[in-house]
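What follows is a set of notes on a single structure, which appears directly below.
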Amino acid sequence: MTKKRTAVLISGRGSNLAALIAACREPAFPAEIALVFSNVETAEGLRVAAAAGVPATAFSHKTFATREEFDAAIDAALSAAKIELICEAGFMRIHSDGFVRKWQGRMLNIHPSLLPAFKGIRVHQQAIDAGVRISGCTVHFIVPELDSGPIIAQAAVPVFPDDTAASLQERTLVEEHKLYRAVLKLVAEGKVVLREGRAVFL
Ligand code: GRF
């Protein structure tokens with residue numbers, strides 16, 4: 001079995017990265033993490049990559065004049081590592097349309113809510129403020145519009161009356177780690193594809 005060469009794009013902690021690295025270490029898992037990219041040079045996730053012996057590269061978007069130039073540099077790093085799939089996990093930059101078009105169908109994101117509810121940032125606080133009793137996480141294909149791509153899979157978690165953003169985040173992350181590896185497996189095996197704007201299971 002050839003494993004799909006996968007890049008994980010991060011900006012921070014890297015707990016989803018750690019979960020994906022652990023999954024990919026299993027011999028029968030159909031993907032390998034061949035590159036980690038961070039736009040934050042001090043991201044904790046870069047230490048996760050280093051500890052696991054996964055190649056990582058980091059450069060800041062701030063050193064580029066435009067979004068397009070930053071994405072072109074990321075794309076060059078992805079090409080050099082012969083990347084076939086991208087998993088974004090807490091990557092806090094919006095891509096240029098050209099980059100998204102190029103990677104469409106091969107680029108996933110995880111978001112800590114049941115989309116289309118609670119897009120953007122401070123997601124757990126949004127859920128608590130809205131008073132919902134169930135929240136969760138979503139893995140979707142990335143399209144140009146933020147947090148709006150075709151949904152592949154979701155997992156639910158309860159929201160308790162005494163939850164804080166931190167406690168809800170902690171409960172949600174446990175599900176994120178399971179969901180992301182399950183979806184990466186499906187996509188790497190070609191069992192789910194992006195077709196006419198929807199995630200289609202084959
Ligand atoms: C996760 O909650 C993910 O859903 C969101 O950003 C967070 C990243 O956490 N997009 P980590 O860096 O994977 O620990």
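Residues in the stretch 5-12 carry Karplus couplings, in order, of 6, 10, 9, 10, 9, 9, 10, x Hz; the curve used is 6.51 cos²θ - 1.76 cosθ + 1.60 with θ = phi - 60°, and Gly or Pro positions show x. The Cα atoms of the stretch 1-103 give a gyration tensor whose axes a ≥ b ≥ c have a/c of 1.5 or more with a/b no greater than b/c, which makes the shape oblate. Highest average first, the peptides 146-155, 75-84 ordered by how many other beta carbon atoms sit within 10 Å of their residues are 146-155, 75-84.
With a 1.4 Å probe rolled over the protein heavy atoms of all chains, the accessible area of Ile142, Ile94 falls in the order Ile94, Ile142, largest first.
In a simple Cβ point-charge model (Lys, Arg +1; Asp, Glu -1; nothing else charged), the stretch 110-202 has a dipole of about 320 debye relative to its Cα centre. The mean sequence separation of alpha-carbon pairs under 8 Å and at least six residues apart, normalised by the residue count of the chain, gives a relative contact order of 20 percent. The calculated FRET efficiency for Lys178 paired with Ala117, based on their beta-carbon distance and R0 = 22 Å, is about 0.60.
Which value in deg cm²/dmol, rounded to the nearest 500, describes the helix-derived mean residue ellipticity at 222 nm for the chain, given -39,500 (n - 2.57) per DSSP H run of n ≥ 4 and division by the residue count? The partial results should precede the final answer.
Numbers: 6 runs with 73 residues, N = 202.
Computed mean residue ellipticity for the chain: -11500 deg cm²/dmol.
Summary of the geometry: the stretch 36-112 and the stretch 155-190, compared by the centres of their Cα atoms, lie 22 Å apart. When the charge dipole of the chain is built from unit charges on Cβ atoms (+1 for Lys and Arg, -1 for Asp and Glu) and taken about the Cα centre, the candidate among Val40, Ala117, Gly197 whose Cα reaches farthest toward its positive end is Gly197. The GluC sites (Glu not before Pro) of the stretch 26-62 meeting both criteria, a DSSP state outside H, G, I, E and B (loop) and at most 14 other C-beta atoms within 10 angstrom of the site's C-beta, are Glu41.
Suppose the chain between Arg101 and Asp162 were pulled fully straight at 0.36 nm per residue; how much longer would it get relative to their current alpha carbon spacing?
On the way: separation 61, 0.36 × 61 = 21.96 nm, distance 4.23 nm.
Answer, rounded to one decimal: 17.7 nm.
Which value, in debye to the nearest 20, gives the size of the charge dipole of the chain about its Cα centre, when Lys and Arg are +1 and Asp and Glu are -1 at the Cβ? Show your work: numbers first, answer last.
Numbers: 23 positive and 21 negative charges, 100 e Å.
For this selection, approximately 480 debye.
Helices meeting the span-like rule in the chain (full DSSP H runs, Cα extent of at least 30 Å along the helix axis, mean Kyte-Doolittle score of -1.0 or higher): 165-188.
Pairs of alpha-carbon atoms within less than 8 angstrom and 6+ residues apart define the contacts here; what relative contact order does the stretch 1-103 have, in percent?
Dividing the mean separation by the residue count of the stretch 1-103 yields 37 percent.
The values are calculated or read from the model by the stated rules, or taken from the named source; none is laboratory data. Quick caveat, the model's predicted, so the values are computed rather than measured. Virtual Cβ from ideal backbone geometry, glycine too; neighbours counted across all protein chains shown. These accessible areas exclude ligands, DNA and RNA; they are computed on the full protein's heavy atoms, side chains included. Shrake-Rupley method; radii C 1.70, N 1.55, O 1.52, S 1.80 Å.
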